[in-house]
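Here is the structure we will look at, set down as structure tokens.
The values are calculated or read from the model by the stated rules, or taken from the named source; none is laboratory data. Bear in mind the structure is a predicted one, so any value in this text is a computation, not a measurement. All Cβ positions, glycine included, derive from the backbone under ideal geometry; neighbour counts span all protein chains shown.
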């Protein structure tokens, strides 16, 4: 679904689906959840020292992936709220947000740009000031990989693909998040976001 100005990020650049974020209290709990739901265990990821988190990953095809993320108990607390609302996260693992890729990042309202790294990966991301996903996760965080490597390039293909991303959002969808991706459906709904994942054993909702 497109906004009034077509596919435009906060600066007018096109945005593209990049990845889903599933949060968990621990990586172990999240990995067990994803293996039970999708039939495959997530692959190793790494740590985010500046955010006090760590992750595991699953490929969703070229330049797309699913990120399992949790607070890293071995890391010191960051100097800002952790992303994806992890500071207040409780309960079962669940889908909490999605991230869209752009090539010239400027922060949408209520966010600020933060430079991050993990190993040889370098990126800039527009983080909500309070750390919580915007509109309950319906609105994306914006990321710019700055022409460097993308995590999906090194992930094994487990046969998973994003089929649908259903976003519950009432009102006018902001132009900075406009997209014409046919997999993304935007409209009023009781749930901020749901994702339908095609797996080798059939389609599964998260």
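In region 11-50, what count of residues is obtained for those that are under 15 Å from the mean Cα position of the chain (by Cα) and assigned to a strand (DSSP E or B)?
10
Which of the following residues is touching a residue at least 40 places away in the same chain (Cβ under 8 Å) and under 14 Å from the mean Cα position of the chain (by Cα): 89, 84?
Only one candidate qualifies: 84.
If I go through region 171-204 residue by residue, how many of them are touching a helix residue (DSSP H, G or I) at 6+ places or on another chain (Cβ under 9 Å) and more than 26 Å from residue 123 (Cβ to Cβ)?
Selection size over region 171-204: 4.
Hey, among 24, 4, which residue is farther than 20 Å from residue 199 by Cα, in contact with a helix residue (DSSP H, G or I) (Cβ under 6 Å, 6 or more places away or on another chain) and at pLDDT 95 or above?
24
Results for (1) surrounded by 15 or more Cβ atoms within 10 Å (Cβ to Cβ); (2) in a strand (DSSP E or B), shown as yes or no for each residue.
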| position | (1), (2) |
| --- | --- |
| 69 | yes, yes |
| 84 | yes, no |
| 87 | yes, no |
| 127 | yes, yes |
| 130 | no, no |
| 152 | yes, no |
| 164 | yes, yes |
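Kindly provide the set of residues from region 28-52 that are closer than 15 Å to residue 204 by Cβ, crowded, with 17+ Cβ neighbours inside 10 Å and out of contact with any helix residue (DSSP H, G or I) (no Cβ under 7 Å at 6 or more places or on another chain), ordered by number.
Residues satisfying the conditions are 33, 34, 38, 40.
Sort through 110, 171, 119 and tell me the only one that's over 20 Å from residue 197 (Cβ atoms), surrounded by fewer than 20 Cβ atoms within 10 Å (Cβ to Cβ) and out of contact with any strand residue (DSSP E or B) (no Cβ under 8 Å at 6 or more places or on another chain).
Residue meeting the stated conditions: 171.
Evaluate region 187-206: report whether one residue or more is closer than 20 Å to residue 37 by Cβ, without any contact (Cβ under 8 Å) to a residue 60 or more places away in the chain, within 16 Å of the chain's Cα centre (by Cα) and assigned to a loop (DSSP other than H, G, I, E, B).
Within region 187-206 (the criterion being closer than 20 Å to residue 37 by Cβ, without any contact (Cβ under 8 Å) to a residue 60 or more places away in the chain, within 16 Å of the chain's Cα centre (by Cα) and assigned to a loop (DSSP other than H, G, I, E, B)), the answer is yes, since at least one residue qualifies.
It is to be established whether one or more residues within region 166-173 are more than 17 Å from residue 95 (Cα to Cα) and assigned to a helix (DSSP H, G or I).
no
For the structure I just gave you, tell me whether residue 125 is within 22 Å of residue 63 (Cα to Cα) and modelled with pLDDT of 95 or more.
No; evaluated as a whole, the condition is false for this residue.
Could you tell me whether residue 141 is within 22 Å of residue 46 (Cα to Cα), in contact (Cβ under 8 Å) with a residue 24 or more places away in the chain, out of contact with any helix residue (DSSP H, G or I) (no Cβ under 7 Å at 6 or more places or on another chain) and surrounded by 16 or more Cβ atoms within 10 Å (Cβ to Cβ)?
yes
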